[in-house]
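**Student:** Have a look at this one before I ask anything.
A short reminder: the numbers here are calculations on the coordinates, not readings from a lab. Source: prediction; values computed, not measured. Here Cβ is always computed from backbone atoms with ideal geometry, including for glycine, and neighbour counts include all displayed protein chains.
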Amino acid sequence: MSLQTRTTLPFPGQRPGTSGLRKKVTIFQQPGYLENFVQSVFDTLGDCTGQTLVLGGDGRYYNRVAVQTILRMAAAHGYARVLVGQGGILSTPAVSCVIRKYAAMGGIVLSASHNPGGADGDFGIKYNIANGGPAPESVTEAVYQRTTTISSYRISDGEEIDLSTPATHQLEQMVVQVIDPVADYAELMQQLFDFDAMRALFASGFRMCFDGMHAVSGPYARAILEGQLGAPEGTVINAVPLEDFGGHHPDPNPVNAAQLIAIMAADDAPDFGAASDGDGDRNMIVGRRFELTPSDSLAVLAANATLAPGYRQGLAGIARSMPTSRAADRVAAALGIPCFETPTGWKFFGNLLDAGKATLCGEESYGTGSSHIREKDGLWAVLFWLNLLAVTGKTVRQLVDEHWARFGRNYYSRHDYEAIDARAANELMASLRIKLPALAGRDLGNYVVDYADDFAYTDPVDASVSKEQGIRIVMTDGSRIVFRLSGTGTEGATLRVYLERYEADPTYHHLLTQQALAALILIAEQVAGISGWTGRARPSVIT
Ligand code: VG1
Ligand code: CO
């Protein structure tokens, strides 16, 4: 066994997006591609001698190969110890939990999250820092710069490590500790939620369906819901992680989790439904014949947070990404706590959580989380809801109806135009940017524009500035249209159009969402010329 330095040439385009570097598997399979990126991460970090690294992924195709490569590279960089999930598996929230619990220097998550997997699908890699959260832009940008000049990487030529059972191995001077991927995470959940109340709920005959989407959360959900809370076997469907997620998009929204939606719409539907994504950090909450937006989910959790033991002392603040609906802002105002508005991507919540300024965070893209870790957390959100259902004895629909009656309803929808021509997408955004200064005060349909801008964020903790984070057109009644380009896709560009309208009057709280937003949808098309630029008459996904 020996350490080697191998020469390499830079690959173009290794700039991390909203959440790490995501590319087609075939791109990652090019010799040196993964190694270059990992070496650039290690070079950016500096001295790793004696440190602990956490390593795991969502089990998608190429996960097993990448884990072995990264172990051999870590051994060549002086790490004292790598904690790696059994089988190379760790959900994104579990990585965050383990980094924090064992005071690791950081972790590497192998996932392309909600993107499809398999040999023709996507792969991804992301570095998380010592607080357990995604590296901030300053780090990801430095990594990218390093990838453009890299000329060699260091690696051990040691043997493949057996990851099939929890055990300790030696690789060069480094200890490889294969850990149970679920145990630490499950222990954290027990500290936050009322497991007795949830056990009693299941014992009373309460029925639930959790869709693991053949992704990483299946084993976590089985261990906690079926194993610890006594939910009947079969509560978790599609529970076995597969390298290609069974050919589906592991994206928990009503379009991609159609099986769960059908189960929850049936006459004999269970009381509660939920799904998570590829790497286990997203959640979709579904009531019986009732779909809930993630923005509303965040607001309801915030309004009822003190019902869960881990949040009994109340919330310091709430943070949401800019395109997320402003339902949570109304709760924050009622609670007398601040509500922060950040750019899209969980990395922007890290500083607010570390500084104790925010306790709950959420994104409209089925992401919810809290200060318990530094990633969004799918199963955590599901358990939070279960805890609320257990202690209130109410249904999802009742809790949400009561919430709207008290705070009003923020009708909300996101329209995605996926895999469109990247140049056309950029031109659409550029032409929209030019129009912004002239929009304020103008009539658009029955709306009057209050202001229109390109969202820029100054981090309240470290004063770092992030520009061009989404174009927003805000009406005088608080309704909004937001346009942004996705930073996680791997084919062409994806345009996201976010639509929001506030309705205070309970008589109008049960309209069909797309109808309630029809006037704004029309305005979005007229202002941005979406069909002209994209050649698409309608979005490919509506959530
Ligand atoms: C999307 C979502 C964003 C989320 C990101 C990563 O990014 O919109 O809210 O944080 O995915 O989530 P984008 O740039 O495509 O809009 V995950 O679960 O894919 O790590
Ligand atoms: Co994810």
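**Student:** Once you list every other residue whose beta carbon is under 12 Å from the beta carbon of Met429, what net charge do they have if Lys and Arg are +1 and Asp and Glu are -1? Provide the component values of the computation, followed by the final result.
**Tutor:** Numbers: positive: Arg423, Arg433, Lys435, Arg484, Arg496; negative: Glu427, Asp454, Glu468.
Taking every other residue near Met429 into account, the sum is +2.
**Student:** From the square roots a ≥ b ≥ c of the eigenvalues of the alpha-carbon gyration tensor of the chain, which class results: rounded (a/c under 1.5), prolate (a/b over b/c), or oblate? Before the final figure, lay out the partial values.
**Tutor:** Working: a/c = 1.77, a/b = 1.25, b/c = 1.42.
Cα axes put the chain in the oblate bin.
**Student:** Let me ask something additional. Considering only the other residues whose Cβ falls under 15 Å of the Cβ of Val240, what net charge follows from Lys and Arg at +1 and Asp and Glu at -1? Write out the running numbers ahead of the final one.
**Tutor:** Working: positive: Arg60, Arg222; negative: Asp58, Asp211, Glu226, Glu233, Glu243, Asp244.
So the surrounding residues net to -4.
**Student:** Between segment 230-265 and segment 433-496, what is the C-alpha centre distance in whole Å?
**Tutor:** Between the Cα centre of segment 230-265 and that of segment 433-496, the gap is 34 Å.
**Student:** Find how much the distance from Leu512 to Asp47 grows on full extension, using 0.36 nm per residue of separation minus their present alpha carbon separation; answer in nm with one decimal. Spell out each step's value before the answer.
**Tutor:** Values: separation 465, 0.36 × 465 = 167.40 nm, distance 5.59 nm.
Contour length minus Cα-Cα distance gives 161.8 nm.
**Student:** Okay, next question. What does the highest-first list of 246-252, 461-467 look like by mean Cβ count within 10 Å? All intermediate terms of the calculation are to be shown ahead of the outcome.
**Tutor:** Numbers: 246-252: 22.0, 461-467: 11.3.
Descending packing order for the listed peptides: 246-252, 461-467.
**Student:** Compute the separation of the alpha-carbon centres of segment 310-324 and segment 55-79 and state it in Å as a whole number.
**Tutor:** Segment 310-324 and segment 55-79 have Cα centres separated by 34 Å.
**Student:** Under 8 Å for C-alpha pairs, at least 6 residues apart: give me the relative contact order for segment 185-407, rounded to a whole percent. The partial results should precede the final answer.
**Tutor:** Values: 448 pairs, mean separation 45.8, N = 223.
Contact order relative to length: 21 percent.
**Student:** If you don't mind, there's one more thing I want to ask. Sum up the charges of everything whose Cβ sits under 10 Å from the Cβ of Ser486, counting Lys and Arg as +1 and Asp and Glu as -1, but leave Ser486 out. It would help to have the intermediate numbers written out before the result.
**Tutor:** Numbers: positive: Arg484, Arg496; negative: Asp416, Glu418.
Around Ser486, the surrounding residues sum to 0.
**Student:** While we're on this one: In percent, how large is the relative contact order of segment 131-245, given Cα pairs closer than 8 Å and 6 or more residues apart? It would help to have the intermediate numbers written out before the result.
**Tutor:** On the way: 99 pairs, mean separation 21.2, N = 115.
Result for segment 131-245 is 18 percent.
**Student:** Something else: How many percent of DSSP beta bridges within segment 3-181 run antiparallel, rounded to 5?
**Tutor:** Numbers: 20 of 35 bridges.
Once the DSSP bridges in segment 3-181 are tallied, antiparallel ones form about 55 percent.
**Student:** With each run of n ≥ 4 DSSP H residues scored as -39500 (n - 2.57), what mean residue ellipticity at 222 nm is computed for the chain after dividing by its residue count and rounding to the nearest 500 deg cm²/dmol? Intermediate results must be reported in sequence, preceding the final value.
**Tutor:** Details: 18 runs with 173 residues, N = 543.
Helices in the chain give a 222 nm mean residue ellipticity of -9000 deg cm²/dmol.
**Student:** Still on this model: What relative contact order, as a whole-number percentage, does the chain give when Cα pairs under 8 Å and 6 or more residues apart are counted?
**Tutor:** With pairs under 8 Å counted, the relative contact order is 13 percent.
**Student:** What ranking do Glu375, Glu159, Glu233, Glu525 get, fewest neighbouring Cβ atoms within 10 angstrom at the top? Before the final figure, lay out the partial values.
**Tutor:** Details: Glu375 32, Glu159 11, Glu233 8, Glu525 16.
Listing Glu375, Glu159, Glu233, Glu525 from fewest to most nearby Cβ atoms yields Glu233, Glu159, Glu525, Glu375.
**Student:** Sticking with this one: With both bridge residues required to lie in segment 185-407, what share of the DSSP beta bridges run antiparallel, to the nearest 5%?
**Tutor:** Details: 12 of 25 bridges.
Around 50 percent antiparallel, to the nearest 5.
**Student:** How many percent of DSSP beta bridges within the chain run antiparallel, rounded to 5? Intermediate results must be reported in sequence, preceding the final value.
**Tutor:** Numbers: 63 of 91 bridges.
Given both bridge residues lie in the chain, the antiparallel proportion sits at roughly 70 percent.
**Student:** While we're on this one: Run the reach check for Lys435 against aspartates and glutamates, Cα to Cα strictly under 12 Å, same-chain hits fewer than 8 apart removed. What comes back?
**Tutor:** The qualifying aspartates and glutamates are Asp453, Asp454.
**Student:** Order of Lys347, Lys435, Lys23 from fewest to most other C-beta atoms within 10 Å?
**Tutor:** Working: Lys347 26, Lys435 14, Lys23 21.
Ranked by crowding around the Cβ, least crowded first: Lys435, Lys23, Lys347.
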